[in-house]
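The values are calculated or read from the model by the stated rules, or taken from the named source; none is laboratory data. All values reported here derive from a predicted model rather than from experimental measurement. A quick note on method: Cβ atoms are made from the backbone with ideal geometry, for glycine too, and the neighbour counts reach across all protein chains shown. When the accessible area is computed, the model is the full protein with side chains, heavy atoms only, and any ligands, DNA or RNA have been set aside. Shrake-Rupley method; radii C 1.70, N 1.55, O 1.52, S 1.80 Å.
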Amino acid sequence: MPPKAKAKGRAESVGKAKAKAKSDSSSPKAKGKAKAKASTASTPKATEPATEPATASQETSAPEAEIAAGESALAGPVAVETALPEDIAYAKVLEEAWDLVLDDLQGEPVGLGGAHVVAKDGSRTSLAAGHLEGMAVSLDFSENALERVDALPALWLRNISLGSNPLTSLDGLADLFPRLLCIDLSFVDIPSIVGGWGGLAACPRLRSLVAEGAGVSTFEDMPQFPMLQCLELLENDVEEVSEVETLGDRCPALVKLDLRENPVASEPFYIKAIAKHLPGLLEHNNQSMRKYTSKIAARSSCAADNLNKDVNAVDGLYKNE
C-alpha cells in the first residue's frame, strides 16, 4: 500500500477512536464512574467511630463495674465535685463546705463548683432538673410533700436530705443518685416504707444515715451496709440489748453511732454490748470513744518512772561499793 494510503488509513482509525471515546464519556454510566472517582479522590475517608462514647464515669474515675453501668445511663454533665476522691467528698459533706449555696431555683446560678441546693418547706411533690444538672452535689428537699423518690431528677448528688416527707417508696434511689454518700431521713417512718431498708442498702457508697424519729425498733430486717460509717437514730424505739449485736453484724464499718433517747440506751448491759459488738466506734451517743490520758496523769506517770530510775541508780551505787 502506498504511504499516502497508509497515512489516510491511520487518520481514519484515529478519528474513529476519538469519536468512540467522546461517545463513551458522554454516556450516563461513564459520567457516574468519573463522578464517583472524583468524589473519592477529594474527600478523606471517614474514621471508624468509637465503639462507645466516653461517659462521665470514664472521664472522672474508674468506679466499680456495677456502678459504672448505672452512671453511664445518667444524662447531663458531671459536676467537678464528683471527680473528688470519696474520702474528701465525704469530709466536705460533713463540714458542709459547699462552693455554692443555691436557694433560688428559678434564677440562674452565679458561680462555679459543687452547689448545695435548698428546696425545703415548699409542699413540693417533685423537682425539675433544669440547671441543677452538672452542678448540684447536695440537695435539701426536707419538709415537702414527696411520696416517691423517683419523682426527683437524676443528679450526681453526694448528699440528700428528705426528712419530714410522706415517703412511701425509695425505689430508684441508687439509680438516680449513684454517687450518694449521705442521706437524712429524719421523721420519715422507715418501717412503713415498702423495701425501705433495701432501697438504702442498694446505694453501694452510702456512708452516713441520719434517721431521727424514724420509728426504728429493730435491726433484724436491716440488710448489710458494708460501707456505712455513721448511723444517727435519736428518738427511735430500739429496746432490746440483743439489737446491738445485730447492728454490729449488719454495719461492721460503723465508727459513729447515736442511739440516745432509745429505750435500749438505759438498759444495764447496753454499754458492755456496745464495747463487745461495735469495737470500732470512735463516737458513741455524742461522746468520743478515743482513749485519752490527761497531761497531769501523764506527768505523774513520767515523774514516777524517773523516781524509780533514781532509786535503782542509788541502790546500784550502794551495791557496787
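When only Cα pairs under 8 Å and 6 or more residues apart are kept, what is the percent relative contact order across region 104-247?
Averaging sequence separation for qualifying contacts and normalising by length gives 16 percent for region 104-247.
For a quick protection proxy, order the peptides 225-232, 156-163 by their average other-Cβ count within 10 Å, most packed first.
Listed from highest to lowest mean packing, they are 156-163, 225-232.
Given axes a ≥ b ≥ c from the Cα gyration tensor, I'd like to know whether region 205-261 is rounded (a/c under 1.5), prolate (a/b larger than b/c) or oblate.
oblate
Modelled label-to-label distance, Ser123 and Lys272, 7 Å Cα→beta-carbon offset: nm?
5.5 nm
Would you work out if region 159-212 is rounded, prolate or oblate? Take a ≥ b ≥ c from the square roots of the eigenvalues of the alpha-carbon gyration tensor; rounded if a/c is under 1.5, else prolate when a/b is larger than b/c, oblate otherwise.
It is oblate, given that a/c is not under 1.5 and a/b is not larger than b/c.
For Leu100, which sequence-distant residues (separation of 5 or more, or a different chain) have an amide H within less than 5 Å of its own amide H, given hydrogens modelled in the peptide plane?
Distant-sequence amide H within range of Leu100: His116.
Largest first, how would His277, His116 line up by accessible area (1.4 Å probe)?
His277, His116
Can you compute 3J(HN,Hα) from phi for each residue in region 235-240, using the Karplus curve 6.51 cos²θ - 1.76 cosθ + 1.60 with θ = phi - 60°, rounded to whole Hz and x for Gly and Pro?
Using θ = phi - 60°, the values come out as 6, 10, 10, 6, 10, 7 Hz.
What does the C-alpha gyration tensor say about the overall shape of region 84-229? Classify as rounded when a/c is under 1.5, otherwise prolate if a/b is larger than b/c, or oblate.
Because a/c hits 1.5 or more and a/b fails to exceed b/c, region 84-229 counts as oblate.
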